[in-house]
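First up is the structure itself, then whatever we jot down about it.
The values are calculated or read from the model by the stated rules, or taken from the named source; none is laboratory data. Please read all numbers here as calculations on a predicted model, not as lab measurements. Note: ideal-geometry Cβ built from the backbone for every residue, glycine included; neighbour counts use all protein chains shown. Side chains are part of the model used for accessible areas, which takes the heavy atoms of the whole protein and leaves out ligands, DNA and RNA. Shrake-Rupley method; radii C 1.70, N 1.55, O 1.52, S 1.80 Å.
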Amino acid sequence: MEYRELGRTGLKLSNIGLGASSLGGVFHSFREKEGIEAVFTAIEAGINYIDVSPYYGYYKAEQVLGKALKEIPRDKFFLSTKVGRYGEDGHNTWDYSARRAKESAYESMERLNIDHIDLLFVHDIEFANLDQVINETLPALHELKREGVVSHVGCTDLQLENLRYVIEHSEPGTVEAVMNFCHYCLCDDKLVDFLDFFEENGVGVLSASPFSMGLLTQRGVPDWHPAPLPLVEACRRAAAHCSERNYPIEKLAMQFSTSNPRIVSTIFSTTRSENLLTNLRYAAEPMDEKLLEEVRAIIGDQQRVSWANS
């Protein structure tokens, strides 16, 4: 495991992070005991960064993760959670007000069984008024930072342009880290275009979903996946090509997504210890550069085709 410094925060995070969205049953049902065991396995394997949100499973992910964290020494992990995006009774809800952000942080700490948050993100800012994020939400998080409740502050979004806008229109140092997803993987490497900007502003970069929410898997995309059909079909062909080479596309996807040292940590989610260890093993092995070229060629003109967040 490598450990890389997150911007100017001083945090040294494992280059692979554990996403806890699966603990909310976001993608499929799971056995809670196995999910908790996967968290223990991650820590034992050297992962020291865990990411979660009250939105995942409508609070369930934080609750289940909190059961695991009770059993783990606090100095063994850094944890990020989020404010702004929630859900009730199967419906998405959003509230980026300062009042709700502060309430949410304390609620998350209670669910997670922790007394401070290492990194608190404004979640999926494309659903917010960006000026409210700049003038209200982020200042509220920095109040929590001054109070010692939060150590560092950042933003997450699918749309890289929104992250750049908020940084450009905020005081230097306001946004200490960003998390982007599905933009540094086999079918989309748009994140590289923004790395210079983030680094020039002292912002640490985290990337999530190396499998592009299921696009880059042998199993294929779930029914709810928002990707356009031509991209889905291109990734299906790429997965079949990898299978013919006896090289699972998941292996190539994990290797590629973790290969850029300018990305501090690549976050993926699982509730199974076996799956976790398999992917760590994949990331540690040399990447087949020829196969990478072949897969990128198969994806072809669907490279960097994205979609709206949902």
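Here is how the numbers come out for the structure above:
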{"item": "Residue-span extension gain [residue 70 to residue 5] - 0.36 nm each, minus C-alpha spacing", "result": "20.8 nm"}
{"item": "Rounded percent of accessible protein surface that carbon and sulfur make up, region 198-259, 1.4 Å probe", "result": "48"}
{"item": "Angstrom value of the Kirkwood radius, inverse mean 1/r, which spans all Cα pairs in region 193-310", "result": "15.3"}
{"item": "Sequence-distant residues sharing a close amide H with residue 152 (under 5 Å, placed H)", "result": "119, 120"}
{"item": "Cut-off under 5 Å, modelled amide H: who pairs with residue 225 long-range", "result": "none"}
{"item": "Gain on full stretching of the segment that runs from residue 275 to residue 289 - 0.36 nm per residue minus C-alpha separation", "result": "2.7 nm"}
{"item": "Rounded accessible area per residue of the chain, 1.4 Å, Å²", "result": "42"}
{"item": "Cα-based helix-to-principal-axis angle, 98-112 vs the chain, degrees rounded to 10", "result": "70"}
{"item": "Protein accessible area in region 117-169, 1.4 Å probe - carbon and sulfur %", "result": "39"}
{"item": "³J(HN,Hα), Karplus 6.51/-1.76/1.60, whole Hz, each residue of region 156-170, x for Gly, Pro", "result": "10, 5, 6, 8, 5, 4, 5, 4, 4, 4, 5, 5, 5, 9, 10"}
{"item": "Rounded tilt (10° steps) of 273-284 against the dominant C-alpha axis of the chain", "result": "70"}
{"item": "Peptides 236-245, 64-73 ordered by average Cβ neighbours within 10 Å, highest first", "result": "64-73, 236-245"}
{"item": "Protection proxy ranking, peptides 91-101, 252-262, average beta carbon neighbours within 10 Å, highest first", "result": "252-262, 91-101"}
{"item": "Relative compactness, region 108-178, computed as alpha-carbon Rg over 2.2 N^0.38 Å", "result": "1.08"}
{"item": "Pairwise centroid distance, computed over Cα atoms, of region 185-242 with region 276-300, Å", "result": "13"}
{"item": "Contour minus Cα-Cα distance for residue 247 and residue 233 (0.36 nm per residue)", "result": "3.1 nm"}
{"item": "Under 5 Å, built H, 5+ apart or other chain: amide partners of residue 265", "result": "207"}
{"item": "Cβ-Cβ FRET estimate between residue 145 and residue 91, R0 fixed at 45 Å, reported to 0.05", "result": "0.90"}
{"item": "Helix axis angle, 60-69 relative to the chain longest principal axis, alpha carbon, degrees", "result": "80"}
